[in-house]
Amino acid sequence: MAPSLCALLLLALRPGAWAQAPEEAAPSCGQDVAIRNGTFALSDGYRPGSVLTYSCPPGFYPYPLGSRLCQDNGHWTTLRTPTGSVLSQPLCREIRCPAQLAFEHGSFQPRRASYPVGSVLTFECLDGYTLRGPTQRFCQGNGHWDGGTPACDDGAEHCPNPGVPAGTTKSGNRYRLGERVSYRCQTGLSLVGSAQRVCTETGEWSGAEPSCRAPFSYDRVEDVGAEFGASFSNVLGLASSSASSSLNASIIKPPTFLGRRLILSDDSLVNVYLLVDSSKSVNKESFQIFKEWVENIVDRIASFEVESSFAVISYATKPKKIVSIYDPEASDADAVIRKTKTGMNFQDHGNGTGTNIRAALLEVYNMILFQRESFIRANNLDAWKKIRHAIIVLTDGKYNMGGSPKDAVTKIEDVLEIKPDRKDYLDIYAFGIGTLEVDWDGLNEIASKKEGERHAFKMDSSQNLKAAFEDVLGAETAVPDTWVLFPPSRGAGTTGPSCRGSLVSDSWVLTAAHCFNRVTDTSLWRVQVGTEEICIQSRIDHPSYNVTAKAGQGIPEYYDYDVSLIKLQHAVGVVSWGTYSPCPPKQKEDQEGVTRRPAPPGHHPRDFYVSLFWVQDWLRLHLGVSNFIP
């Protein structure tokens with residue numbers, strides 16, 4: 001037999017000799033990934049697809065990236081700085097707050113290019129100007145100044161001086177009706193809020209107050225709890241089943257706190273759409289927290305006496321509908337929670353590594369279109385127009401496929417006919433979970449921008465997201481109603497409840513200052529807590545409250561800083577927290593100093609827009625606590 005044929009026969013007898021050669025395993029990524037002065041964690045070792053996350057001590061952040069991905073080629077994501085250069089090793093950098101670039105009609109100290117954590121800025125106005133906002137601001141560990149933007153104002157124009165937030169430059173210094181101001185952030189910072197604002201008829205600035213945020217800055221748990229709670233309550237209004245549709249007639253006290261509220265009429269509905277990032281970069285622990293967040297927020301919203309329906313969408317490269325807004329079970333909170341538990345799973349999107357926020361929002365748009373058409377077929381379009389819509393987007397990074405989601409937002413606004421007189425019918429909240437991976441610009445691009453509110457938030461971890469929402473939506477023990485009572489008049493006995501209030505400590509009640517217009521002696525006044533009437537020990541009106549401050553400008557009643565603290569003669573054992581209209585459902589003509597003319601058509605009473613963030617310093621001063629968060 002020929003040697004070559006023999007060799008061929010021997011080869012054929014070897015097991016697997018004709019089997020296809022095995023595919024080469026994807027190369028592992030290098031292990032030289034340490035961060036200077038920090039630590040790191042791996043989601044799946046050094047295998048392709050693993051996410052490397054860096055951590056730094058408090059007061060520092062990972063630079064230039066907070067996380068890196070092990071790519072299929074065996075290389076980690078490049079350590080590229082914002083200027084384009086490449087680093088060989090990441091490091092922990094000091095967190096700093098942005099500079100105060102200008103302060104009109106006043107001065108501030110000290111002046112620096114940026115400020116380390118713990119720094120204090122002090123503000124002072126020139127003679128003839130009054131300081132609106134805090135006298136001091138502190139640089140917090142999240143890279144953001146505490147409190148609101150201070151401004152010096154002389155009350156001479158239609159709108160107050162809107163101020164110059166830290167890190168911004170402002171164009172426009174006239175504050176008459178219809179005038180505009182514009183803001184820009186210094187290089188390296190992103191603008192969150194409205195880049196342009198207009199002085200409106202009500203004497204307030206349109207849009208949301210701007211702030212400039214560094215890529216590493218994030219929101220604290222207590223900030224999200226307070227600001228999201230105050231804003232979201234615009235959607236979760238409560239309507240009394242027996243009340244008329246008028247604003248003041250339908251006020252009732254909720255079982256839990258969600259901040260101030262916009263009252264809905266009896267036949268109003270709320271659609272809540274929850275969009276959850278489930279892309280490859282979301283680890284199993286974070287996914288589980290996101291899932292629990294959906295279940296918790298559905299449960300808490302359903303506890304309010306307002307008819308609500310829910311949609312739940314998870315998304316990565318493509319969206320997946322867990323519950324559609326038009327599903328029969330969408331209005332059944334228990335059913336929505338069950339479907340979320342069973343139908344939303346960690347592996348749903350497989351290797352879908354993309355973050356396609358646009359596709360998720362287009363899914364919401366299609367749901368809204370479908371629901372609208374069903375109402376039209378039922379010849380009930382007017383009922384559909386009364387539905388309010390709230391969209392909450394959770395993401396752990398910037399969108400990286402599908403294009404900008406802004407056009408999807410525009411489509412939703414168009415189908416809902418969102419105009420100045422219907423702006424309360426849509427709220428979009430954007431929550432970024434992470435630090436450097438989350439793009440402030442991307443969040444602000446899709447978030448709503450409304451007066452006195454914030455809709456864009458960034459948190460440093462999913463654990464803190466959970467903590468923030470537990471704080472906002474957590475159940476509280478039942479508390480008694482609190483009323484400020486008018487004194488007896490002409491020997492006629494107590495006139496009954498006059499202004500509602502909130503117990504903000506065991507001996508302090510927050511109410512409206514206008515209840516005491518032209519009143520100096522409150523010795524005969526009482527506060528009713530449940531069934532008990534308690535004497536008033538003292539009363540402190542906010543020093544900036546002046547109902548006639550703009551009478552010379554044709555505004556007969558001006559309710560800025562319309563807050564008052566009442567100290568009770570003895571403490572009570574329960575504390576509630578929440579704000580609602582301090583105005584009673586009806587006012588008697590003989591109640592001196594409290595009678596107010598009805599609001600003009602289309603104008604909401606000023607009480608609903610008192611921002612407690614403007615008065616934090618005042619509240620802390622008199623309540624005797626340093627960590628009070630309204």
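Bear in mind that the values in this text are calculations on the coordinates, not laboratory data. Predicted, not measured: the structure shown is a model, and the values here were computed from it. Cβ coordinates were reconstructed from backbone atoms using ideal geometry, including for glycine residues, and neighbour counts include every protein chain displayed.
May I ask you to derive the FRET efficiency for Q71 and E94 from their Cβ-Cβ distance with R0 = 30 Å, giving the value to the nearest 0.05? Could the numbers behind the result be given before it?
Working: r = 30 Å, r/R0 = 1.01.
Efficiency computed from Cβ-Cβ geometry: 0.50.
So which of K385/K419; K318/K339; K321/K449; K291/K450; K280/K320 end up more than 21 Å apart, counting from Cα to Cα?
Details: K385/K419 13 Å; K318/K339 19 Å; K321/K449 27 Å; K291/K450 28 Å; K280/K320 15 Å.
Listed pairs above 21 Å: K321/K449; K291/K450.
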In straight Cα distance, which lysines are under 30 Å from K567, not counting same-chain residues fewer than 8 positions off?
K253, K550, K586, K588
When D441, D427, D617 are arranged by how many other beta-carbons sit within 10 Å of their Cβ, fewest first, they go D441, D617, D427
Calc'd 3J(HN,Hα), segment 43-55, phi into Karplus 6.51 cos²θ - 1.76 cosθ + 1.60 (θ = phi - 60°), Hz, glycine/Pro = x, comes to 7, 8, x, 10, 7, x, x, 6, 9, 9, 10, 9, 10
Any chance you could run the full-extension gain for A383 through Q109? It's 0.36 nm times the residue separation minus the Cα-Cα distance, nm to one decimal.
93.1 nm
Each label point is 7 Å from the Cα along the Cα-to-Cβ direction; what then is the distance between the points at Q463 and Y46, in nm?
2.7
Checking the a/c ratio against 1.5 first, then a/b against b/c, what shape does the Cα gyration tensor give for segment 25-93?
oblate
Amide N proximity, segment 298-315 versus S374 label position 7 Å along Cα-to-Cβ, cut-off under 17 Å:
307-313
Amide H within-cut-off set for G354, under 5 Å, with H built and near neighbours excluded:
K280, T317
For segment 68-84, Karplus-derived ³J(HN,Hα) couplings (6.51, -1.76, 1.60; θ = phi - 60°; whole Hz; x for glycine and proline) come out as 9, 10, 6, 8, 4, 8, x, 10, 6, 3, 5, 7, 9, 7, x, 8, x
Most exposed first, judged by fewest Cβ atoms within 10 angstrom, H105, H570 run H570, H105
Can you sort I313, I534 from fewest to most other Cβ atoms within 10 Å of each residue's own Cβ?
I534, I313
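At a Förster distance of 22 Å, what's the computed FRET efficiency of S404 paired with R184, Cβ-Cβ distance as r, to 0.05?
The value I calculate is 0.60.
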F138 paired with K567, simple spin-label distance in nm, labels 7 Å along Cα-to-beta-carbon
2.3
A34 and E222 label points (each 7 Å along its Cα→Cβ direction) are spaced in nm at 3.7
